[in-house]
Amino acid sequence: LALLPSGAMPDMLAQVLGEDLERVRLALERGVRVGLLQSGREAGSFRFGHELMREACAARCPDATARRYHRHIAGAVAGTPAEAHHRLAAGEATPQARECFLREARHLDARRALWEALRLYEAALDIEPQSPDAEDLALRVAELRIQVGLAEPAAALLLQRLVTIRKPLLRGRYLHRLGEAYGSQGRNDEALAHVTELEGQESFGLVSRPA
C-alpha cells in the first residue's frame, strides 16, 4: 500500500501480494483502527492517513522487493496512466514497458507536462537506443531537455549520437538542435560553428532548414 500514493482497493492488493482477500481486508481494517490508514478517495479503498508515514514505510521496503511489487502493480493497473509509473519504478526494460512509456509520454507531452514526458521518453530510448524510431525519439528528448533547462545533457546526447550518423538530412536535424542547445547556454561561438556547418550542407542541397 505504501507504494500506491492514492491508495488501493483490497482486491488489488490481494492480487499484488498473492494473499487471501479476507486476510488483506482484515489487515487494512486493523490499520484504520490504529490510525495508520484511512478510507481512500474511491469507495472501499484504503490509503495511508499521512503522506510522511507512507513515504517512511515505502523507504523501508528493500529495493528488490519494491521493484517486484511495482512490477505486479503495473500488471494490475495495465492500461491506466499509473502503469507507466510502476513499470518505470520496477526498472523494467522490456518491449512492453517501452510501448507503455511511449504511450504515456505522448499523452503527457500533449498536455505540456514536460518533465514527466521527458522522463518516460528517456526510459524508452534507453531500452532500445537503436530502434527504427530512436533518432526521432532522441531528438525529442534533446528538445525537451532544452525546454526544461537541461541544455548541457541535451548537447551531450546529440553529440553522442552524431558520431554514428551519416545521413545528411538526419545529421542536419541533429546539428540544428545542437545549435539550439549551445545557444540557450550563451555559448554562441559553438552554436555558430554548428549552424555554419548546417548552412554549408544546405548550400549543397543536402538538407532543408527545419521549420
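The values are calculated or read from the model by the stated rules, or taken from the named source; none is laboratory data. Given the structure is predicted, the values throughout are model-derived calculations rather than measurements. Positions of Cβ are backbone-derived with ideal geometry, glycine not excepted, and every protein chain shown enters the neighbour counts. Surface accessibility is based on the protein's heavy atoms, side chains included, excluding ligands, DNA and RNA. Shrake-Rupley method; radii C 1.70, N 1.55, O 1.52, S 1.80 Å.
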By how many degrees, 0 to 90 and rounded to 10, does the Cα axis of helix 63-76 deviate from the longest principal axis of the chain?
90
Percent accessible area from carbon and sulfur atoms, segment 1-136, protein chains only, probe 1.4 Å:
53
Once the Cα atoms of helix 151-162 and of the chain are each reduced to a long axis, what angle between those two axes, in degrees from 0 to 90 to the nearest 10, is obtained?
70
Under the Karplus relation 6.51 cos²θ - 1.76 cosθ + 1.60, θ = phi - 60°, what is the ordered set of whole-Hz ³J(HN,Hα) values for segment 94-99, x standing for Gly and Pro?
9, x, 5, 5, 4, 4
For the chain, what is the accessible area per residue in Å², given a 1.4 Å probe and the full set of protein chains?
57
From highest to lowest solvent-accessible area (probe 1.4 Å; ligands, DNA and RNA excluded), His85, His70, His176, His50 read His50, His85, His176, His70
Using alpha-carbon coordinates, inclination of helix 21-33 to the longest axis of the chain, degrees
90
In whole Å, how far is the Cα centre of segment 140-154 from that of segment 1-38?
40
So if I place +1 on the C-beta of Lys and Arg and -1 on the C-beta of Asp and Glu, and nothing else carries charge, what would the dipole magnitude of the chain be about its Cα centre? I want it in debye, nearest 20.
340
Across segment 4-18, in residue order, what do the Karplus-derived ³J(HN,Hα) couplings come to in whole Hz, using 6.51 cos²θ - 1.76 cosθ + 1.60 with θ = phi - 60° and x for Gly and Pro?
10, x, 8, x, 7, 7, x, 5, 5, 5, 4, 5, 5, 7, x
Calculated [θ] (222 nm, deg cm²/dmol) that DSSP helices of n ≥ 4 give over the chain, each run adding -39,500 (n - 2.57)
-21000 deg cm²/dmol
Relative intensity, log₁₀ I(q)/I(0), of segment 1-125 from a Debye sum that treats every alpha carbon as a point, q = 0.11, 0.14, 0.17 Å⁻¹
-0.41, -0.66, -0.92
For segment 47-56, what does the Karplus curve 6.51 cos²θ - 1.76 cosθ + 1.60, with θ = phi - 60°, yield as ³J(HN,Hα) per residue in whole Hz, taken in order and with x for Gly and Pro?
8, 5, x, 9, 4, 5, 5, 4, 4, 5
